[in-house]
Amino acid sequence: DVYKRQRGLGDVYKRQYLNLKKIKKIEKMSKFDEKISFYKENMVSMGLPYEDELFDKITKGLGPSIFKRDAASVSISDEKEVFTVKHNFLINKLGLEDGEYLDEAIIKVGVLMGKTNRVKYRAIFYYLLVKELGQESKILS
């Protein structure tokens with residue numbers, strides 16, 4: 001049980017876990033809602049708190065790519081993938097200036113998700129990048 005492993009981490013995780021339990025009780029969920037629920041469970045299991053509205057908007061912005069196995073994950077060891085994240089999301093989508101701080105943020109989020117974590121889901125990765133760079137207002141507007 002996920003909550004039992006996260007028990008010592010406080011009320012934030014407990015509320016998120018109970019919220020996920022309620023979502024799962026709804027029988028008819030769209031594939032998109034199932035995917036968001038899966039990602040949120042994954043974040044709770046990693047001990048990462050999240051804001052529902054921001055996370056949902058980032059995931060919706062990814063479109064159908066979240067359903068494609070290769071496109072749904074990020075490989076920070078692949079330079080081409082890091083370039084794609086940096087240019088397509090951080091520079092084009094968020095409108096940030098290119099710089100070393102973007103590379104540092106990508107590395108920091110990769111470490112935060114865990115070096116041994118083989119599957120770094122793109123929706124979670126982008127959410128953590130937005131939080132790391134303080135760009136929540138650009139997504140929520």
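The values are calculated or read from the model by the stated rules, or taken from the named source; none is laboratory data. Since we're looking at a predicted model, the values are computed, not measured. Using ideal geometry, Cβ is built from the backbone for each residue, glycine included, and neighbour counts are taken over all protein chains shown. Heavy atoms of the whole protein, side chains included, go into the accessibility calculation; ligands, DNA and RNA do not. Shrake-Rupley method; radii C 1.70, N 1.55, O 1.52, S 1.80 Å.
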Evaluation of Val111 against (1) open to solvent by 30 Å² or more (accessible area, probe 1.4 Å); (2) touching a residue at least 12 places away in the same chain (Cβ under 8 Å); (3) under 14 Å from Leu48 (Cα atoms) (one fails), failing number: (2)
Output for the stretch 29-50, where each listed residue is touching a residue at least 24 places away in the same chain (Cβ under 8 Å), on the phi < 0 side of the Ramachandran plot and outside any helix (DSSP H, G or I): Leu48, Pro49, Tyr50
Residue that is surrounded by the most Cβ atoms within 10 Å (Cβ to Cβ), among those in the stretch 79-108 that are within 23 Å of Tyr39 (Cα to Cα) and of a type in the set (D, E, K, R): Lys86
Matching residues in the stretch 124-141 - criterion: being open to solvent by 40 Å² or more (accessible area, probe 1.4 Å) and under 14 Å from Tyr101 (Cβ atoms): Glu132, Gly134
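Is it the case that some residue within the stretch 53-65 is assigned to a helix (DSSP H, G or I), of a type in the set (A, V, I, L, M) and open to solvent by 70 Å² or more (accessible area, probe 1.4 Å)? Talk me through it step by step, then tell me what you get.
Taking the stretch 53-65 as the starting set, the residues that turn out to be assigned to a helix (DSSP H, G or I) are 53-65.
Among the residues that remain, those that are also of a type in the set (A, V, I, L, M) are: 54, 58, 62.
The next check asks that each one be open to solvent by 70 Å² or more (accessible area, probe 1.4 Å); those that pass are none.
No, the stretch 53-65 contains no residue that is assigned to a helix (DSSP H, G or I), of a type in the set (A, V, I, L, M) and open to solvent by 70 Å² or more (accessible area, probe 1.4 Å).
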